[in-house]
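Each reported figure results from applying straightforward, stated rules to the coordinates on display, with no laboratory input. The model shown is predicted, which means the values in this text are computed figures rather than measured ones. Positions of Cβ are backbone-derived with ideal geometry, glycine not excepted, and every protein chain shown enters the neighbour counts.
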Amino acid sequence: MFIKCIRMRRLTCKGFLCIIVIFAIIFYIRNIDDNHNSITREELTKEENVYEIKLRKYEEGMIPNLGNNGEAAYLENAKERKEGENALKKFALNTVLSDRMPLNRTLKDPRNKGCTEFLYNPTLTASVIIIFYNELLSVILRTIWSVILQTPNHLLHEIILVDDCSSDDDLKGLLRYYLDTRLQKYKINLLELNHRMGLIRARLQGARIATGDVLIFLDAHCEATVGWMEPLLARIQEERTTVLVPIIDVIEANNLAYSTNGDTSYQVGGFTWSGHFTWIDIQNENDKGKLIPVKSPTMAGGLFAIERKYFWEIGSYDEQMDGWGGENLEMSFRIWQCGGRLETVPCSRVGHIFRDFHPYSFPENKDTHGINTARLAHVWMDDYRRLFFMHQPGLENNPIIGDLTHRKQLRNKLRCKSFKWYLENVYPEKFIPDENVFAYGQVRNKFDMCLDDLQLSEDKVGPLGLYQCHPYLAMSQFFSVSAKGELRKEHFCAEAFDNFQVQLTECHSHRREQYWVVYRNGTIYNPYFGKCLSSESVKDSKGLKIHLCKNSPHQKWKFTNVNAT
Ligand code: LR7
Ligand code: MN
């Protein structure tokens, strides 16, 4: 408008007339502006009032010192306690308790004493990226506050919150308002995605706007503890291609206790052939009990630090991964195979609320974990992908997994090593069910019955069962006889007991009750008890026993594959 008028003056306006015209225009514009402003200001005030009232009520409802020192918290009011229990069933989290607990509660220093003797002096800065979808406001805010309170100012470049298009409008409004009125002096960006992207692409969006030297990703239900950031930044400063994970402590979903496994023992990341992350003990004896960063074959995925530029160089994330799952193993394999390192830093500790189930649903109800893992299996696992697809046969050649060209190109471009190299050098202890074993596959007796784990869940002990042999090779009927003489699944070994029952229990490699000798004639012999595996006295799905060895069809077993010895 203004520019136009100046031009107009040059061309047509003369003196006084022009001044009047200009005043008229200015008056007109101001009027429009005023009307406009006064409407929005009024609306905003109303809204602000609502938020202010809600926040005050909520702030006043907080019980001072509740949960301080990271201790388990309990509500005295019986009604509220009941509501809390119900919330736990509904959201996998005691939301009632969280809402009553101060946002800046104190936590004990969970680190090993020795950690305080290290002098870290990093000069790198961090962008902390926190993604969320419909998380509880008080939990998100406690995460933010813990980062602010536990991080030295000069190291915290910014906090980036990525709202993966939460559907909870109250949460969105209150969070925005809270940031504007309670946290305005901190550098916090709130990025609100306009459609649900899933956690992988949400993290990418956050990373795109980050400008700190190092990216640190957190789930939206974490609490950082004293000194958590310094060792992460210092290690990256020393070697920029290391990707780091803190020790992840458990914040209990029912009482919000910050609980640790002591200050010396901790686990690192492993994986299952079904494509899940698992915790494993540190494999190398020399690494146990150390306070310096320790090699980790994989990471859980939610909490890690990576140099920003390296994040992009090494292929950030597979942007075609939807929803939840798979990105953690993808990134772990990729980092190792393409020349980086993944380490757990024992002097950096962050708590995470472990929930029994996802409190949110996924668009279209897709098995995003399966699909994402199928993508990474094809790109990173070479022939070993057969072991994943044995668990998910329907996904191997399924177009639902999408195009892989870009990720394969990335692998070529970065000249990444093979999965065999990864297994041999990074995780040599990983059990490979069909390599270096005496026999593997289905284990069938003369009556077409097969050994079966009876769908034992991955973390439970159960009987070694017998079931009609499946016409195809189902995972529940896949067993191996390892080089150590274990009759085993991935983590579980057949173990004979004093009552002669045979259970699947965690492999302990002490031979004894878990040691079996397989003879050419099909006998499976347990030398510790001097007895043979027998299907006698087993009806359908009941557990197997060991019996005195005799020439009985119940004691003759045939593996699908027997390796020449
Ligand atoms: O669609 C979604 N959009 C999101 O932004 C779904 C989720 N999210 C957010 C969510 O609000 C949360 O902040 O993403 C974050 C992670 O989701 P969670 O907390 O439901 O995941 P999780 O803790 O059960 O799962 C672990 O594995 C995931 C695989 O995709 C992610 O890598 C998680 O970050 C990861 N969490 C951890 O590593 C914490 C330690 C847990 C362990 C073991
Ligand atoms: Mn989580």
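Per residue, how much space in cubic angstrom lies within the convex hull of the C-alpha atoms of segment 170-324?
On the way: hull volume 26.3 nm³, N = 155.
Output value, Cα hull per residue: 170 Å³.
Would any residue of segment 543-559 have its amide N under 11 Å from a label point 7 Å out along Cα→Cβ of F447? List them or say none.
Inside the label zone: 553-555.
How large is log10 of I(q)/I(0) for segment 437-562 at q = 0.14, 0.17, 0.23 Å⁻¹ when the intensity is taken from the Debye formula with one equal scatterer per alpha-carbon?
Cα-only, vacuum Debye calculation for segment 437-562: -0.49, -0.76, -1.63.
Along its principal axes, what span do the Cα atoms of segment 374-505 show, with the longest given first and each in whole Å?
So the three principal-axis extents are 58, 32, 26 Å.
Once both labels are modelled 7 Å past Cα along the beta-carbon direction, what's the F529-N412 spacing in nm?
Placing both labels 7 Å beyond Cα along the Cβ direction yields 5.6 nm.
Angle between the Cα long axis of helix 169-182 and the longest principal axis of the chain, 0 to 90 degrees, nearest 10?
So the helix axis and the longest Cα principal axis differ by about 60 degrees.
Per residue and in cubic angstrom, what volume does the convex hull of the Cα atoms of the chain have? Could the numbers behind the result be given before it?
Values: hull volume 122.0 nm³, N = 565.
So the per-residue Cα hull volume is 216 Å³.
If the reach is capped at under 17 angstrom between alpha carbons, list the lysines near K46, excluding any in the same chain fewer than eight residues apart.
Of all the lysines, those that pass the test against K46 - Cα under 17 Å, at least 8 places apart if same chain - are K54, K57, K172.
According to a simple spin-label model (label point 7 Å from Cα along Cα-to-Cβ), what is the distance in nm between T272 and D169?
4.2
What FRET efficiency would be calculated for the residue pair N563, S537, taking the C-beta separation as r and a Förster radius of 35 Å, to the nearest 0.05? Spell out each step's value before the answer.
Working: r = 31 Å, r/R0 = 0.89.
With R0 = 35 Å, the Cβ-Cβ based efficiency is 0.65.
Considering amide H positions built from the backbone, and no H for Pro or chain starts, which residues 5 or more places from C165, or on another chain, come under 5 Å of its amide H?
L193
Work out from phi, with θ = phi - 60° and the Karplus expression 6.51 cos²θ - 1.76 cosθ + 1.60, the ³J(HN,Hα) of each residue of segment 96-110, listed in order in whole Hz, and give x for Gly and Pro.
Those phi angles translate into 5, 5, 4, 5, 9, 9, x, 6, 10, 4, 8, 10, 5, 7, x Hz.
Report the calculated FRET efficiency for K113 and L548 (r = Cβ-Cβ distance, R0 = 60 Å), to the nearest 0.05. Before the final figure, lay out each step's value.
Numbers: r = 57 Å, r/R0 = 0.94.
Efficiency computed from Cβ-Cβ geometry: 0.60.
Go through segment 252-258 residue by residue and turn each phi into a ³J(HN,Hα) via Karplus (6.51, -1.76, 1.60, θ = phi - 60°); whole Hz please, and just put x for glycine and proline.
With the stated coefficients, segment 252-258 comes to 5, 5, 8, 10, 6, 5, 8 Hz.
Can you order the peptides 331-344, 462-475 by their average number of other Cβ atoms within 10 Å per residue, highest first? Present the calculation step by step, with values, prior to reporting the outcome.
Working: 331-344: 22.4, 462-475: 16.9.
Taking the mean over residues of other Cβ atoms within 10 Å, the ranking is 331-344, 462-475.
Using 1/(1 + (r/R0)^6) with R0 = 30 angstrom and r between the beta carbons of E435 and D403, what's the FRET efficiency to the nearest 0.05? Before the final figure, lay out the partial values.
Numbers: r = 31 Å, r/R0 = 1.02.
So, using R0 = 30 Å, E works out to roughly 0.45.
Between R208 and E396, what is the label-point separation in nm under the 7 Å Cα-to-beta-carbon projection?
3.7
Have a look at the DSSP beta bridges in segment 236-364 and tell me what percent are antiparallel, nearest 5. Spell out each step's value before the answer.
Values: 10 of 20 bridges.
Antiparallel: roughly 50 percent of the beta bridges in segment 236-364.
Taking the Cα centroid of segment 84-101 and of segment 268-298, what is the distance between the two, rounded to the nearest whole Å?
That distance is 32 Å.
Please figure out what share of the DSSP beta bridges in the chain is antiparallel and state it in percent, rounded to the nearest 5. Intermediate values should be presented prior to the final figure.
Working: 48 of 75 bridges.
The antiparallel proportion sits near 65 percent.
Starting from the Cα of Y74, step 7 Å toward the Cβ, then list every residue of segment 246-271 with an amide N under 15 Å from that point.
Hits in segment 246-271 for Y74 at 15 Å: 254-257.
With θ set to phi - 60° and the Karplus curve 6.51 cos²θ - 1.76 cosθ + 1.60, what are the ³J(HN,Hα) couplings of segment 490-499 in order, to the nearest whole Hz, using x for Gly and Pro?
Karplus-based 3J(HN,Hα) across segment 490-499 equals 4, 10, 10, 10, 6, 10, 8, 10, 4, 7 Hz.
Compute the acute angle (0 to 90°) between the alpha-carbon long axis of helix 15-60 and the principal axis of greatest extent of the alpha-carbon atoms of the chain; round to the nearest 10°.
Approximately 40 degrees, to the nearest 10.
Determine the distance separating the Cα centre of segment 199-262 from the Cα centre of segment 398-425; give it in Å without decimals.
26
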